[in-house]
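This report refers to the structure that appears directly beneath it.
Please treat every number below as a calculation from the coordinates, not as lab data. On a predicted model such as this, the values are computed, not experimentally measured, just so you know. Neighbour counts are summed over all protein chains in view; Cβ atoms, including those assigned to glycine, are modelled from backbone coordinates with ideal geometry.
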Amino acid sequence: MTPEELSKIASAQQETLKKYTHRIHVCVAAGCQSSDADKVKDALSAEVKAQGKEKCCLVKGVGCMGLCSAGPLVSVETGNILYQEVKPEDAKDIISSLDGEPVQRLICPTDIPFFSKQKKIVLENFGKIDPETIADYIAVGGYQALFQALTEMDPPEVINEVLKSGLRGRGGAGYPTGLKWSTVAKADSTRKYVVCNADEGDPGAFMDRSVLESDPHRVIEGMAIAAYATGADQGYIYVRAEYPLAIKRLKNAIKQAERQGLLGHNICNTTFNFNIEIRLGAGAFVCGEETALLASIEGKRGAPRPRPPFPAQSGLWGYPTLINNVETFANIPPILRNGGDWLAAIGTEKSKGTKVFALAGQVKNTGLIEVPMGIPLRQIIFEIGGGVPEGRKFKAVQTGGPSGGCIPEQHLDISTDYESLATVGSIMGSGGMIVMDETSDMVDVAKYFMEFCMSESCGKCTPCRAGTAQMHGLLDRICSGQAETRDLALLEELCDMVRNTSLCGLGQTAPNPVLSTLRYFREEYTMKLTDASAKAAAK
């Protein structure tokens, strides 16, 4: 593969698509597939044939279109029409309407804030390309950044662009990506590895899964650029086995890239070699922690180890290893295409670029969104999300999954960035965002997340293994009305102990949901304690 050959593939695919007057895109990501999107796609294809429109109409599956609550979603490129909640029996009306008025009963308005308030960088190809066809990815500029890096830049120049962009790791910790890359690049070693952390385990989170299902080549390209910049020649994608569609499309994408010479030996007629293998995780939440993930890839039990040494110095089999998550790698191709300063102009002073969130819970518009860093939480929930349904009142939003905190309404105007969320007791995390309304019991919410952390603890260190179990027991007592006032003090003491003495991030952040609900909804705890005291007095 040469740059000229890549350009020919792009031009040929663009010309092929132009032959069709009508191009119909059907979301075939997991969310819409669960609502029979495959049957909708088959019905549309059959109707095109029945009406003799094969030469002018193309039906193809594409990635997630974002508004998961309205799926299955179907878009008609001509006229920029989006249909929602489409059923197989709607196919005839949709195909018949192509040269006339759209099917009004199925129209999903695209001028609403859910679409207009987003800024898509990672998700820019979603709903546009077939994730199972490499030519579609190449036609929208895919792999151009890799060729640019290999033929026009040396590794330090690539790293410099990433540093200039201000990109921080999107896996949760927010560590500067360029700094991590430069550490691996400077390491003196005969072997180096690049690892993509796709072990997305937060309840309610589906950002990485959607990227892998909808635009897998983008992640592969980002990993290849990272390997070139750091001097690695082997990559691994660690993805949980519970993501069968993502795994299927990843395997397909890797095979296609290998056939086109975009993975393997002497890529772009250079001395650069890079291969990618997939490793399946069994669903252990702790394997999202980088040292536990590495142990799992090596065939060992997925448990964290003390740091230093950090993986950038001693990772897989003792060699320097670069670990970034799916969204981080997906940001790399556009950074190289547009320059680091381009991304640095988006977001806040310390949190650059955009962030992908999985918006879920008690909000009208649930789905996948991408917004500039720094956007107020209130705008995400009440404009993009459409607010709380059924006339109920907003109560709290959980960001950062089990490691995050519950943020009340009085803090909804804060900037959505790493530093601001930390000031109110939460974290950015990987991007889960769960909205709760007035019917939510915040003590029960804390208990739910503590039960999750307790069951997912690897058990290696006592503070996490025993501490989360003790905290869950106390929360259970409080919820059941059997706790005393002193139990609340003991709960806070345990939170402090687990947070400050646990080995890894799972234990260190496990108390966050408890601490944040105690901070903002303490009356719900004391009310249950008061009830317990009254019952005791009555006896």
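Brief remarks follow.
- Fraction of antiparallel bridges per DSSP, the stretch 14-110 only, in percent to nearest 5: 55 percent
- Based on C-alpha pairs under 8 angstrom that are at least 6 apart in sequence, the stretch 354-437 has a relative contact order of 37 percent.
- Calculated Rg and Dmax of the stretch 141-344 using C-alpha coordinates, Å: 15.5, 44
- Charge context of E54, other residues only, Cβ under 12 angstrom, K/R +1, D/E -1: +3
- CD proxy at 222 nm, helix term only [per DSSP H run n ≥ 4: -39500 (n - 2.57); per residue of the chain; nearest 500]: -13000 deg cm²/dmol
- A simple count of charges around I134, restricted to other residues whose Cβ falls under 12 Å of its Cβ and scoring Lys, Arg +1 and Asp, Glu -1, yields -2.
- Charged side chains reduced to their Cβ positions (Lys and Arg at +1, Asp and Glu at -1) give the stretch 141-344 a dipole of some 400 debye around its Cα centre.
- In degrees, nearest ten, helix 442-456 long axis to first principal axis of the chain (Cα): 70 degrees
- Taken as Cα centroids, the stretch 130-147 and the stretch 456-530 sit 48 Å apart, rounded to the nearest whole angstrom.
- Comparing Cα centroids, the stretch 166-183 and the stretch 328-364 end up 13 angstrom apart.
- Charge dipole (the chain, unit charges on Cβ, about Cα centre) - positive-most of P309, P72, V219: P309
- Neighbour net charge for T348 - beta-carbon separation under 9 angstrom, K R +1, D E -1: -1
- Annotation: the antiparallel percentage among DSSP beta bridges lying fully within the chain is about 50.
- Cβ charges +1 (Lys, Arg) and -1 (Asp, Glu), total dipole of the chain, debye: 620 debye
- Part-to-part distance (alpha-carbon centres) for the stretch 221-245 and the stretch 250-264, which is given in Å: 12 Å
- Ordered by the count of other Cβ atoms within 10 Å of each Cβ, fewest first, L293, L150, L167 give L150, L167, L293.
- For the stretch 276-318: rounded, prolate or oblate by the Cα gyration tensor [a/c cutoff 1.5]: oblate
- Under 28 Å from the Cα of K528 - lysines, other chains or at least 8 residues apart: K393, K395, K447, K539
- Judged by the mean number of other Cβ atoms found within 10 Å, the most tightly packed of the peptides 6-18, 25-37, 174-186 leads the ranking 25-37, 174-186, 6-18.
- Contact order normalised by residue count of the chain, Cα under 8 Å, 6+ apart, percent: 14 percent
- For K18, the aspartates and glutamates whose Cα falls under 19 Å of its own Cα, not counting residues fewer than eight places away in the same chain, are E54, E77, D99, D130, D136.
- Relative to the dominant Cα principal axis of the chain, helix 3-18 is inclined by about 90°.
- Cross-link reach list, lysines versus K192, counting only Cα pairs under 26 Å and skipping chain neighbours closer than eight places: K164, K180, K251, K255, K300
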